[in-house]
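Asks: Got a structure for you, questions after.
Read the figures in this text as sums done on the coordinates, not as results from a lab. Everything quoted here is computed from the prediction, not taken from an experiment. With ideal geometry, Cβ positions are generated from the backbone for all residues, glycine too; neighbour counts draw on all protein chains shown.
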Amino acid sequence: MRKFAIGLGFLTTLLLPACLQSTVATPAQDAATTQDTAAVDIASDATVTWQTDPTNTPKSLHFTWQHDPATSISVQWTTAATDLTGYTPKIWFDKAASAGADGAKMTFSAATTASGTGEYYYQSLVATDTSGTRYLTWTVEATGLTPDTDYVLRAGTWSDYQAGAFVKPDLTPSVVSFHTAPLKGKRQPVKIILAGDSRGGNDKIALNAERLAALGAAFWVFNGDFTDFCQQDQWDGWFDAMHPILNTAPLMPVQGNHEVFPPMYYGQFALPVNAGVPDGYQEHAWSINYANVHVIGLDSTSAAAASDQAAWLDADLAAARADPDIDWIIAAMHYPAYSACTNHGSTAWVQQYWVPLFEKYNVDLIFAGHDHDYERSWPWVNNNKVAKGPVYVVAGGFYADGYTNGSAAWTATSSHGNKSNYVVMTVDGKTLSFIAYSGDGASQLDTYSLSK
Ligand SMILES: [Fe+2]
Ligand SMILES: [Fe+2]
């Protein structure tokens, strides 16, 4: 959401080593502007106005987590506003069980509203104005939520709420929904979808998004390369195409090399700021716990970035492996440690700085993209096939143009990228299984399972 990026692909050499960052106030629970805390029937009232000025209706709305997925949610959107002043982003949320899936009986109170902040981000290499084009995003975080619970939500702004009606509202015309995570350590089925590399594939995403959203993943992990050239119209196209998915499940991303203007990426995704992440890498490297799964996101876009995150990664992995609540550790990054694809192939700095840690802590699965094909390795330790050990997956085909797959000593299976691909993973206690599907969902490229 707000931190400057350091390393990235071919622009690395252009970057300054400075760790600039803008500051944003911590979103706070909103003080409700009314004494009315009763459940109301506002959403089913056809006379209710949700937009005073439709140009301020939230667009590109999406969910991430900055804190505990069991008790928090972060919501972001853009509007036509071009100035931080004069607009306060707010959310109104409630449990679906009482509010209804359409939000018709949402309760309005201080506990079911929150306000947040806006932030400029720039089409430049740094998070401050270097005469790059400026954009604006709004972020609201709700905390204190009930774990493992369906919520409905409207986002936008309003000036007041009186007698069951908003004053000057500019809210989402229909409710969006999210589900909080089970408490850490819960052992119950969890579905996660992992994908990456969409670059220019927005039309194909749009063709598949409703179907993919209906799969009901608890959350998505996206391995970077969202757009071709990191232009805002390309981002807008990606968010538009993805909206059925983004309006029902959080998406946790990592930076790819095509996020050539890092502030465009970090501005539009509010991510965890984990303790111990070195300055300049907050939100580049993050981890969350979802039930019994520990998920780590890493910025693999340069050797310097890989080196700089290694100490934090070591500590994060040590803590996760020592945690009796955590059965599974999954790492996500853009550049693959091992890839037999001839377009890019393996990444020396990932092998140098992170693979020894993946092996040291026996990380279960390492997902990457960058090569637009599908590949899964054997359990692979010290450059040898082993019975049990880290398994490396390249799933870089979320509708970007495909690359030709290859095969190397580590390769268990691979598929051409022209089919596109995404991975649907199910964790259920001590078992984990996943299926890699073709982009149209019609065929299975790979199936794999692990047990503890
Ligand atoms: Fe890439
Ligand atoms: Fe790519």
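Asks: Across all directions of projection, what mean area in square nanometres is found for the Cα convex hull of the stretch 371-452?
Replies: 5.4 nm²
Asks: Right, another one. I'd like the per residue volume of the convex hull spanned by the Cα atoms of the stretch 190-451, given in cubic angstrom.
Replies: 109 Å³
Asks: Per Stokes-Einstein, at 37 °C and 0.692 mPa s, what whole-number D in µm² s⁻¹ belongs to the stretch 102-162, with the Kirkwood radius over Cα pairs as the hydrodynamic radius?
Replies: 223 µm²/s
Asks: Follow-up. Using a simple spin-label model with points 7 Å from Cα along the Cα→Cβ vector, what separation in nm is obtained for D325 and I435?
Replies: Rounded to a tenth, the inter-label distance reads 3.1 nm.
Asks: Going by how many other Cβ atoms sit within 10 Å of their own, how do K168, K105 line up, fewest first?
Replies: Ranking K168, K105 by Cβ neighbours within 10 Å, fewest first, gives K168, K105.
Asks: Could you tally the net charge around Y361, taking each other residue with its Cβ under 12 Å from the Cβ of Y361, Lys/Arg +1 and Asp/Glu -1?
Replies: -3
Asks: In degrees, nearest 10, range 0 to 90: what is the angle between the Cα axis of helix 303-322 and the longest Cα principal axis of the chain?
Replies: Here the helix axis deviates by roughly 80 degrees.
Asks: Report Rg/Rh for the chain, rounded to two decimals, where Rg is the Cα radius of gyration and Rh the Kirkwood radius.
Replies: Here the Rg-to-Rh quotient is 0.97.
Asks: Over the Cα atoms of the stretch 175-252, what Rg and Dmax result, in angstrom?
Replies: Looking at the stretch 175-252, its Cα Rg and Dmax stand at 13.5, 42 Å.
Asks: For the stretch 197-202, just list the computed ³J(HN,Hα) in residue order, Karplus coefficients 6.51, -1.76 and 1.60, θ = phi - 60°, integers in Hz, with x standing in for Gly and Pro.
Replies: 6, 9, 3, x, x, 4
Asks: Would you give the gap between the C-alpha center of the stretch 128-171 and the C-alpha center of the stretch 333-410, rounded to a whole Å?
Replies: Using only Cα atoms to place each centre, the spacing works out to 39 Å.
Asks: Have a look at the stretch 310-392 and give its Rg and Dmax from the Cα atoms, expressed in angstrom.
Replies: When restricted to the Cα atoms of the stretch 310-392, Rg and Dmax are 12.6, 41 Å.
Asks: Going by C-beta contacts inside 10 Å, put E359, E141 in order with the fewest on the left.
Replies: E359, E141
Asks: With each label point set 7 Å from Cα along the Cα-Cβ vector, what nm distance links D279 and S177?
Replies: That separation, rounded to one decimal, is 4.6 nm.
Asks: Please report the Cα spread of the stretch 39-179 along all three principal axes, rounded to whole Å, starting with the longest.
Replies: So the three principal-axis extents are 48, 34, 21 Å.
Asks: Could I ask something else about it? Kindly state, as a whole number, the per residue volume in cubic angstrom of the convex hull around the alpha carbon atoms of the stretch 130-233.
Replies: Spread over its residues, the Cα hull of the stretch 130-233 gives 201 Å³ apiece.
Asks: Between R134 and A409, what is the label-to-label distance in nm when each label sits 7 Å out along the Cα-to-Cβ direction?
Replies: Reported label-point gap for R134 and A409 is 5.5 nm.
Asks: Then there's this: Order the peptides 50-60, 120-130 from the highest to the lowest mean number of other Cβ atoms within 10 Å of their residues.
Replies: 120-130, 50-60
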